[in-house]
Amino acid sequence: MSSPSHGARRHASSDLSGAAQEYLLTLRVMTGDGAHVTASQVGRRLGVSTQAASEMFRRLVADGLVTQANGRELVLTDAGRTAADGIFRRHALCEWLLTEIVGLGWAESDQEAERLQAAVSPRVEARLDELLGHPETCPHGNPIDIEATRRRPAGVRLSDVNAGEKATIYRITEEAEEDAGLLSYLEARGLRPGVPISILSRSESLDSMTLDGPIGRATLGLRPAALVRVLPGTADPDLFHRVPSRG
């Protein structure tokens, strides 16, 4: 386990600039499935130049939050992962607040949470966590930190489920969360964590699958379906968080 540098010890994730938080969170998302990620790839995801991304990562490396393997591949240090988990946790709490209490849709709440997360103080974070019933996932089912990741099953790709099989929507991956159109479609079809589905058809040649969900049929390309994780059959309802009723 790597040791945090003096710079890493100096920074709580809530003390980082909004831009630094955005870079750490993006790196967390992009390396979530073990992918090798460079500054130029993060820059493209964020819509900034490679030079701007490289400069930010030089600062994060100096602060002990990121390392650069072979001069290119970016890796979160233990301190960086802790900081990124803290950022994601605040983002997830904001999403729960916006979807379950304010009443915004998935895509809109994700965008608004990005604006709010950097301004949430530790005191407000603790109060939100209590108010929302201590969720260990975001509203899309993604684990809120590394400990929750270790406790929870990984799930399988929806695109790998065969016709005639039944499953339960488990989580909409963080990569899928980057696609506002996909998020909106899944929400409109009621395809949220905890929902049972039946696979009606699946075709490699047509690159699509059709499933039966809570409000009827839905069709997905195999690529977007690969960004959704399911559990075979009927899943334990305790895996899916519900915000406590306030009245």
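The numbers here are math on the coordinates, done by the rules we state, and not lab data. These figures come from a predicted structure and were not determined experimentally. Reconstructed Cβ throughout: ideal geometry from the backbone, glycine too, with neighbour counts over all protein chains shown.
Just rank E130, E178, fewest to most, by other beta-carbon atoms within 10 angstrom.
Working: E130 10, E178 15.
By the 10 Å Cβ count, ascending, the order reads E130, E178.
A Gaussian network model of the chain, with springs between Cα atoms under 10 Å, assigns the largest mean-square fluctuation among I146, I169, I87 to I146. With 0.36 nm allotted per residue and the present C-alpha distance subtracted, the R59-S121 stretch has 20.0 nm of extension available.
Shown is the FRET efficiency for T50 and E175, computed with R0 = 25 Å from the Cβ-Cβ distance and rounded to the nearest 0.05: 0.75.
Share of pairwise Cα-Cα distances greater than 29 Å in the chain is 33 percent (whole percent).
Where does segment 156-235 land on the Kirkwood hydrodynamic radius, alpha-carbon pairs, in angstrom? Each step should come with its number before you reach the end.
Numbers: mean 1/r = 0.0824 Å⁻¹.
One decimal place: 12.1 Å for the Kirkwood radius.
Dipole magnitude for segment 90-151: about 160 debye, using +1 per Lys or Arg Cβ and -1 per Asp or Glu Cβ, origin at the Cα centre. Between T234 and Q68, the modelled label-to-label distance comes to 5.4 nm, taking each label 7 Å out from Cα in the direction of the beta carbon.
Full extension of the chain between E114 and S198 yields a length gain of 26.9 nm, computed as 0.36 nm times the residue separation minus the alpha carbon distance. Projecting label points 7 angstrom from Cα along Cα→Cβ for E165 and V102 puts them 3.8 nm apart.
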